[in-house]
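This report concerns only the one structure given below.
The values are calculated or read from the model by the stated rules, or taken from the named source; none is laboratory data. Since we're looking at a predicted model, the values are computed, not measured. Backbone-built Cβ (ideal geometry, glycine too); neighbour counts: all protein chains shown.
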Amino acid sequence: MPTQTTLWESLRRLYPHLKPIIPRLVLGLFAALGASVMVLAIPQVFRVLVNDALAEGQASSTVWIASGIVLVLGVLEAVFVALRRFFVINPATTVETNLRTSFYRHLQNLAVAFHDRWGSGQLLSRAMSDLNLMRRWMAFGAIMLVVDAITLTAGVAIMFFMSWPLALIFLTAAVPVMIYGFRFRTSYSRVSRKSQDQAGDLATTVEESVHGIRVLKAFGRSREALDAFSDQAEELRETEIHKAKSLATFSLIVTLLPELALGASLVTGILLAVNGDVTIGGLVAFFATAGVVAGRVEFIGPLLAMTFTAKTAIDRHYEVMESENTITGPPDPRTLPDPHGEVTFDDVSFRYPDAKDTSTSVIDGVNLTLRAGETMALVGVTGCGKSTLLQLVPRLYDVTGGAIRIDGIDLREFSLEELRRHVAVAFEDTTLFSNSVRENVLMGVDAQDDDDAILTEALDVAQAHFVYSLPEGVDTLIGEEGLSLSGGQRQRLALARAIAAKPRVLVLDDPLSALDVRTEELVEERLREVLADTTTLIVAHRPSTVALADRVALMENGRISEVGTHTELLARSDHYRYVIASLTEEPVDLDSELEELEHNDQEARA
Amino acid sequence: MSAAPKQEKQEKPNRRTRAGQPPSIISSGVSNEDEVMLDRAQNKSVRTRSFKLLGSLIRPNRRQFIWTAFLVVFSQIARVAGPAIIAFGIDHALPSLLQGDSALLWAAGITYLIAAVLAATLTAGYVLAAARLSQEMLLDLRLRVFRHTQRLSLEFHEKYTSGRIISRQTSDLEALRELLDSGVSSLASGLMYMIFTAVTIFVLDWPTGLLLLVAAIPMTFLARWYQKHSQIAYRSSRVVSAKLIVHFIETMTGIRAVKAFRREKVNADRYDELAEDYRKVTVRSINLNGVFQPGLVLIGNVTVAAVLLFGGFRVLGGSLEVGALLALLLYSKRFFQPVDQMAMFYNSFQSAAAALEKVSGLLEEVPTVRPPKNPVPLKDAQGLIEFDGVEFRYGDGPVILPRMDLTIPAGQTIALVGQTGAGKSTLAKVIARFYDVSEGSITLDGVDLRQLSPQDLRRAVVMVTQEAFLFSGSVADNIALGKPEASREEIEQAARAVGAHDFITSLPEGYDTDVNKRGGRVSSGQRQLISFARAFLADPAVLILDEATSSLDIPSERLVQQGLQKLLGNRTALIIAHRLSTVEIADRVLVVHDGAVVEDGTPADLISGNGRFATLHAAWQDSLV
């Protein structure tokens, strides 16, 4: 997937975004240069002062003037430092934000198959830390790299001007430091990454040890969990110490070499001064300038390394941005304002894009027709392809062979927007969003006046009356940032959401599995009315759910093997009996039966 | 309707954070960690326990601690020496060289080199020593918290949400790591550097020292201002970025629902808003830096100009040497450099202090279910369970299980029947010693459960619950949790016995399929089968199944049902199940109501009698016709 690109090619990808802010970046560059000029100028004032003003016992006014100049230069440096930020920050964060929002939009449009491949954590680190890094590089790294290079050159030139032998001594120390600094940053960021990954793994272990605490306790495996955790934690410690070692080596080299050079310069400088090859003021200025330049020497390696890290971030960003959306609407879509809702599967086959070539198709030639308004139950053993088939209807995946049609029109001829208005779904794993109950249920409803009526109706059908006793009723926040609901409650809300959308075609994947039998009965009673004139495909695991359907399709190994009514199939299919009927009897829910008994008892007593 | 407290299935939603904990007066454990205002006594005790924890972490590493302290002091002394030697060279070595005496020059040169080598090596040594020390402490703390969390009873875990325990172990420890990692080392070295620089300046020329003290006043104000505001900015940036991240993750993990319900537009609009908020807080914190950094430069530069002015006159007057002036200029320029790091340090110090308070609270929490000091060994448990005057309640709460006596002979299969909230699960949990009984005792083969070592107890009693949690790793790893030393053959045998073998072999990589990898596609029913195999492999004397088959489809359930008879063969078993078919394989049925056993007998006896179970069974028979 990741293509090898040169640094220059990667940076060029960013150019369209940078173009509008280039003037501001250039202004920032000039401000940073200005600050550098001030920094380099101050030692020159020292030189003049020491050589001319102090040494020969001159008038006190020169001290005033020199100090005044140093003050002005110092204030200007501060102003320039502030100006660089002022010029650059707003445009750079704006570019960052634009990249971030377009990244999100693109991700939302990418097919579900893409999201199957990419964990949300992976995507998040691209959306957050990679883009932060790119911004910091734009606003700081790129500018400072140029400015430091210029300052360094200018500083060294000044030092040569002061005294070339001293400058040579300095340079012999500076060059290795620069090279080493770059190498260090590169390897250091690799170790940092490793420690980040290990810390992430450690966090996963912690999460599992807490979420799985019942299992660990039930099997008495806390000891093993601790051992595994301890191994990981020790690995992390080793990495951290490794990190510290390379940091220590870096600081050793970076402080030692320039200091050694300065020590040598001190001796040489004084010897030179005795011979009159350099003035005392020149020596003073040399040391002051060396102090400035040494800082830049230390810095330039890390800045270069930051540039390469930014390149990686850019590549990672575009790797996602250039992933093609495989499920799109046609250029000129057909529309069907009021479909009847006849759904036909015509020799449909499907295999997951990441499936091995040798594996068989998950869906392998399905032919099935749902008459308009009909409710069809889909029955089969776990793993026969029922859930996959359902996901093809709203085009979460595209068929890899054959076609699915609504009223005779291929799904792929509708715009996605229209298709998904006609088709609503409720899956087994219910996804609710951090939002109010109302928002969650009305998700598929285009804003209307009678929202409240739709909401009440949908909640009623799904037997989700519990929402009214939540702290703020239907406006209670649920999901990650709000109340957590039980599995059965979530499932009822998901069902309500599908019903509220009032689709022509309803696709339900075992939508009642987490409900107790009594509630299931109540839901089914009300659901029957809704299903009466909605074309529905419903995955069923229990006879009670099958009872909702007009006909049943039996699925075996990715094909439909039988279609008929429940009674017909019971009579003629062994496999159907195997799948849907217990060997001896239909299962009965004890809990609710007892509850009913209890209820009767109380009524009798009353 | 029964008034039985609904402990088993919580229909009431629980608040994820700040669960309704009673306001407490004592500040032990985690009880007051969410309270913002603590009175003075509480504050003190919270701080004491943090310090105690810190002390207990340092103590085993005393030598390393002293060594690190030694290194930081001497490395900074060596670092400060440079400019003073330069001054010496210019003021004394140069004049004496002019008189032909080069001894001082060489002395200055060599001293400078020695100082340089010392400064560099000691600093490097310090960086490494500090890292070793902090990593050692951190590892110790991590293991302590992890071990302690595992030790805490289920009661605590149910009360204190998982999210909070996880953040104690992740983000709070992360805050401490940050502090130990960079904060302490930069604070210690920065502080030492400033102290020694100030001392040197005073020694060289005390009037300049006084000047520096004056400059330190505005610097202190600036640093405090920055520290205060950057903390606010940092906090709001955390809040805003957390919102952005939650929205992002929710969209990506719920992408099917997003697409199916055409939420793309609404989501993108919301994300735009959040991203813009995030930009604003970022800009705000960068702008703070934009004032602080130039402010530092400004104060430093003004000080240099003042030192130059003041020193220049003194040089003219002959009371100060030129080289000394140069040294003073270099020193005063560098004096304020560590202020930057130290202001940052203060913030990471504060968040780490808060983290330490919370972590120390968690560590203070006492497990309510404790292993015995002198356990009674029990090697091969038979599975005889006896309840002797058992009563159970949560803490001081209402009685959940009223006083009962009960004997379950070894090898018997018991079905627990009763409506939701009747107390079936609680009964099961006290047998598994997830909770300790409030009165009386439960014995296994005549030994009180509280006398058994956790190893013996868990080998003898295993409970399988409805939520079949799988750990990351392969299917085989997950089954092997029941018996870590099991061979692949044993694992496959266990899977076959519960009817899980077929679906496992059809997974992409069979037994080696990673269960958490996306695309692993393990359904909730399959999860239950795996956790069933896990229990089978553990081969306990007492097996408790708490609705362990609720998510299975009919063919799988049938398979399990067949396997179950084999599985339960000659071990004691307690089965809590919805479906009546399960009850039929039981030797004995206990009907539970309001925590009490109201009917007790074989299925056949109960059916032929006229109790609840008989009525129920009759109704069920009718429904089959």
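Restricting the range B:446-466 to residues that are buried (at least 18 other Cβ atoms within 10 Å of the Cβ) and assigned to a loop (DSSP other than H, G, I, E, B) leaves a set whose member that is modelled with the highest pLDDT is B:L452.
Of the residues making up the range B:271-294, those that are farther than 30 Å from A:V79 by Cα and surrounded by 19 or more Cβ atoms within 10 Å (Cβ to Cβ) are B:Y271, B:L274, B:A275. When B:A460, B:A410, B:A486 are checked against the criterion of being assigned by TED's automatic domain parsing to the domain that holds B:I576 and over 24 Å from A:S222 (Cβ atoms), a single residue qualifies: B:A410. With respect to B:T303, is the statement that it is on the phi < 0 side of the Ramachandran plot and within 28 Å of the chain's Cα centre (by Cα) true? No, not satisfied.
Taking the criterion of being within 20 Å of A:R126 (Cα to Cα), surrounded by fewer than 22 Cβ atoms within 10 Å (Cβ to Cβ) and facing chain A (nearest Cβ under 7 Å), the residues of the range B:255-270 that qualify are B:E264, B:N267, B:A268.
Yes/no matrix, rows are residues, columns are (1) within 23 Å of A:T255 (Cβ to Cβ); (2) of a type in the set (S, T, N, Q); (3) more than 10 Å from chain A (Cβ to nearest Cβ):
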{"site": "B:K44", "(1), (2), (3)": "no, no, yes"}
{"site": "B:F51", "(1), (2), (3)": "no, no, yes"}
{"site": "B:F74", "(1), (2), (3)": "yes, no, yes"}
{"site": "B:L105", "(1), (2), (3)": "no, no, no"}
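Residues in the range B:571-600 that are at pLDDT below 80 and either part of a loop (DSSP other than H, G, I, E, B) or not assigned by TED's automatic domain parsing to the domain that holds B:V462 (or both): B:A577, B:H578, B:E584, B:I585. The residues of the range A:455-475 that are closer than 26 Å to B:I255 by Cα and surrounded by fewer than 19 Cβ atoms within 10 Å (Cβ to Cβ) amount to a single one, A:D475.
Note on the range A:107-182: enclosed helices (runs of 4 or more DSSP H) holding 1 or more residues that are at pLDDT below 90 and away from chain B (no Cβ under 14 Å) are A:142-162. Note on the range B:315-343: residues that are assigned to a helix (DSSP H, G or I) and crowded, with 19+ Cβ neighbours inside 10 Å total 17. With B:A538, B:A533 as the choices, which residue is aliphatic (A, V, I, L, M), crowded, with 21+ Cβ neighbours inside 10 Å and out of contact with any strand residue (DSSP E or B) (no Cβ under 8 Å at 6 or more places or on another chain)? Answer to the selection: B:A533.
Residue check: A:T369 meets all listed conditions (1) within 14 Å of another protein chain (Cβ to nearest Cβ); (2) surrounded by fewer than 16 Cβ atoms within 10 Å (Cβ to Cβ); (3) at pLDDT 90 or above but one, namely (1). Among residues that are outside the structural domain of B:M342 (by TED's automatic domain parsing), in contact (Cβ under 8 Å) with a residue 40 or more places away in the chain and of a type in the set (D, E, K, R), B:R284 is included.
For B:A327, the criteria (1) of a type in the set (A, V, I, L, M, F, W, C); (2) farther than 30 Å from A:E418 by Cα; (3) at the interface with chain A (Cβ under 9 Å from one of its Cβ atoms); (4) in contact with a Pro (Cβ under 7 Å, 6 or more places away or on another chain) hold in every case but one, which is (3).
Candidates are the residues of the range B:156-179 that are modelled with pLDDT of 80 or more and of a type in the set (D, E, K, R); the one that is surrounded by the fewest Cβ atoms within 10 Å (Cβ to Cβ) is B:E174.
Scanning the range A:102-128 for residues that are closer than 15 Å to B:A275 by Cβ and free of Cβ contacts under 8 Å to residues at least 40 places away in the same chain yields A:Y104, A:R105, A:Q108, A:L124, A:A127, A:M128.
Is it the case, given these coordinates, that A:S265 is under 34 Å from the mean Cα position of the chain (by Cα), under 30 Å from B:T121 (Cα atoms) and either surrounded by fewer than 20 Cβ atoms within 10 Å (Cβ to Cβ) or modelled with pLDDT of 85 or more (or both)? Against the criterion (under 34 Å from the mean Cα position of the chain (by Cα), under 30 Å from B:T121 (Cα atoms) and either surrounded by fewer than 20 Cβ atoms within 10 Å (Cβ to Cβ) or modelled with pLDDT of 85 or more (or both)), A:S265 does not qualify.
Of the helices (runs of 4 or more DSSP H) lying entirely inside the range B:480-570, those containing at least 3 residues that are out of contact with any Leu (no Cβ under 6 Å at 6 or more places or on another chain) and within 10 Å of chain A (Cβ to nearest Cβ) are B:524-538, B:554-568. Scanning the range A:292-332 for residues that are surrounded by 16 or more Cβ atoms within 10 Å (Cβ to Cβ) and part of a loop (DSSP other than H, G, I, E, B) gives A:S323, A:I327. For the range A:384-401, does any single residue satisfy the condition of being of a type in the set (F, W, Y) and in contact with a Phe, Trp or Tyr (Cβ under 8 Å, 6 or more places away or on another chain)? Taking every residue of the range A:384-401 in turn, at least one turns out to be of a type in the set (F, W, Y) and in contact with a Phe, Trp or Tyr (Cβ under 8 Å, 6 or more places away or on another chain).
Considering the range A:480-562, the qualifying helices (runs of 4 or more DSSP H), each wholly inside and each with 1 or more residues that are modelled with pLDDT of 90 or more, under 27 Å from B:V258 (Cα atoms) and not assigned by TED's automatic domain parsing to the domain that holds A:M376, run over A:487-500. For A:P337, the stated conditions hold: it is free of Cβ contacts under 8 Å to residues at least 40 places away in the same chain and within 20 Å of A:T535 (Cα to Cα). Count of the range B:468-479 residues, restricted to those that are under 22 Å from B:T572 (Cα atoms) and surrounded by fewer than 24 Cβ atoms within 10 Å (Cβ to Cβ), is 1. Take the conditions (1) at the interface with chain B (Cβ under 10 Å from one of its Cβ atoms); (2) crowded, with 21+ Cβ neighbours inside 10 Å; A:G220 misses just one of them, which is (2).
Answer with yes or no whether B:S230 is among the polar types (S, T, N, Q), surrounded by 17 or more Cβ atoms within 10 Å (Cβ to Cβ) and under 29 Å from the mean Cα position of the chain (by Cα). Against the criterion (among the polar types (S, T, N, Q), surrounded by 17 or more Cβ atoms within 10 Å (Cβ to Cβ) and under 29 Å from the mean Cα position of the chain (by Cα)), B:S230 qualifies.
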